[in-house]
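Reading through the structure tokens given below for one structure.
The values are calculated or read from the model by the stated rules, or taken from the named source; none is laboratory data. All values reported here derive from a predicted model rather than from experimental measurement. Cβ: placed from backbone, ideal geometry, glycine included. Neighbour counts: every protein chain shown. The accessibility values were calculated without ligands, DNA or RNA, using every heavy atom of the protein model including side chains. Shrake-Rupley method; radii C 1.70, N 1.55, O 1.52, S 1.80 Å.
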Amino acid sequence: MNTLQFADNLTRLRREKKVTQEELADRINATERHIRNIESGIKGTSVILLISIANALEVTPDDLLADYLT
């Protein structure tokens with residue numbers, strides 16, 4: 001998975017949904033720091049976390065991976 005593309009998609013979708021990093025972290029039972037690290041490309045994500053993030057933002061995993069898949 002292209003970590004930076006995923007990070008960009010995550011940041012964009014989270015902002016479109018008007019969800020803060022802290023709110024997203026609460027929704028998926030993670031820390032705000034972990035969300036920051038994912039969005040900055042420092043950390044990747046597991047498939048399970050990808051699905052949790054998608055569910056929390058009410059998007060599909062494909063939405064988070066969109067440019068990576070094309």
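Summary of computed values
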{"read-out": "Search result, residues across segment 42-54 that are surrounded by 15 or more Cβ atoms within 10 Å (Cβ to Cβ) and closer than 20 Å to Asp67 by Cβ", "value": "Lys43, Thr45, Leu49, Leu50, Ile51, Ile53, Ala54"}
{"read-out": "Any chance Arg33 is surrounded by 15 or more Cβ atoms within 10 Å (Cβ to Cβ), assigned to a helix (DSSP H, G or I) and among the charged types (D, E, K, R)", "value": "no"}
{"read-out": "The listed residue being buried (at least 17 other Cβ atoms within 10 Å of the Cβ), on the phi < 0 side of the Ramachandran plot, at pLDDT 95 or above and out of contact with any strand residue (DSSP E or B) (no Cβ under 6 Å at 6 or more places or on another chain), out of Leu65, Leu10", "value": "Leu10"}
{"read-out": "Qualifying positions in segment 20-46 - under 11 Å from the mean Cα position of the chain (by Cα), farther than 14 Å from Leu4 by Cα and among the β-branched types (Val, Ile, Thr)", "value": "Ile28"}
{"read-out": "Whichever residue in segment 16-25 is part of a helix (DSSP H, G or I) and either touching a Gly at 6+ places or on another chain (Cβ under 9 Å) or closer than 17 Å to Ser52 by Cα (or both) and, among such residues, is most open to solvent (accessible area, probe 1.4 Å)", "value": "Glu22"}
{"read-out": "Any hit, segment 48-58, residues being hydroxyl-bearing (Ser, Thr, Tyr), within 11 Å of the chain's Cα centre (by Cα) and in a helix (DSSP H, G or I)", "value": "yes"}
